Amino acid sequence: MRIYISGEMIDNPGFQRRFASTARKLDDKFKGCKIVNPANLCGVFEEGTYYEYMHICLELIKMCDTIYMMPGWEASKWAKEEYEHAKNLGLIIYKDLNL
């Protein structure tokens with residue numbers, strides 16, 4: 001099973017650290033699952049536009065079974081798009097896991 005992490009990134013200092021922490025917690029909770037952390041794209045695909053990142057992320061979501069919505073995701077246009085995409089694909093959606 002693959003779990004995609006969704007949350008607020010834009011105008012959110014320290015988002016990479018928060019996403020990495022969430023990835024570790026999900027890994028502990030769901031042993032044997034693959035965690036897909038989109039915050040890692042920043043180091044691989046530098047200087048991409050919002051739409052380029054969004055396109056990549058929506059494709060990554062298609063390859064997952066589950067999406068985890070980090071606390072505060074509702075404030076992010078990006079995360080809301082990811083949520084709707086995951087819902088339309090029929091993915092399992094986790095929100096309040098108390099990580």
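The values are calculated or read from the model by the stated rules, or taken from the named source; none is laboratory data. Computed from a prediction, not measured in an experiment: that's the story for all the values here. Counting neighbours? That spans all protein chains shown, and the Cβs are built from the backbone with ideal geometry, glycine included. Each accessible area value is taken on the protein alone, full model and side chains, heavy atoms only, with ligands, DNA and RNA left out. Shrake-Rupley method; radii C 1.70, N 1.55, O 1.52, S 1.80 Å.
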Could you tell me whether any residue of segment 82-98 is β-branched (Val, Ile, Thr), in contact with a Leu (Cβ under 8 Å, 6 or more places away or on another chain) and modelled with pLDDT of 95 or more? no
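Per-residue answers, yes or no, for (1) closer than 18 Å to Asp65 by Cα; (2) at pLDDT 95 or above; (3) open to solvent by less than 30 Å² (accessible area, probe 1.4 Å):
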| position | (1), (2), (3) |
| --- | --- |
| Ile3 | yes, yes, yes |
| Ser6 | yes, yes, yes |
| Asp11 | no, no, no |
| Ser21 | no, yes, no |
| Asp27 | yes, yes, no |
| Gly32 | yes, no, no |
| Ile35 | yes, yes, no |
| Gly48 | no, no, yes |
| Tyr51 | no, no, no |
Please enumerate the residues belonging to segment 58-72 that are open to solvent by less than 80 Å² (accessible area, probe 1.4 Å) and either among the polar types (S, T, N, Q) or modelled with pLDDT of 95 or more (or both). Leu58, Glu59, Leu60, Ile61, Cys64, Asp65, Thr66, Ile67, Tyr68, Met69, Met70
Selection from segment 11-31 of residues under 21 Å from Met1 (Cβ atoms), touching a residue at least 24 places away in the same chain (Cβ under 8 Å) and not β-branched (Val, Ile, Thr) yields Phe19, Lys25, Leu26, Lys29, Phe30
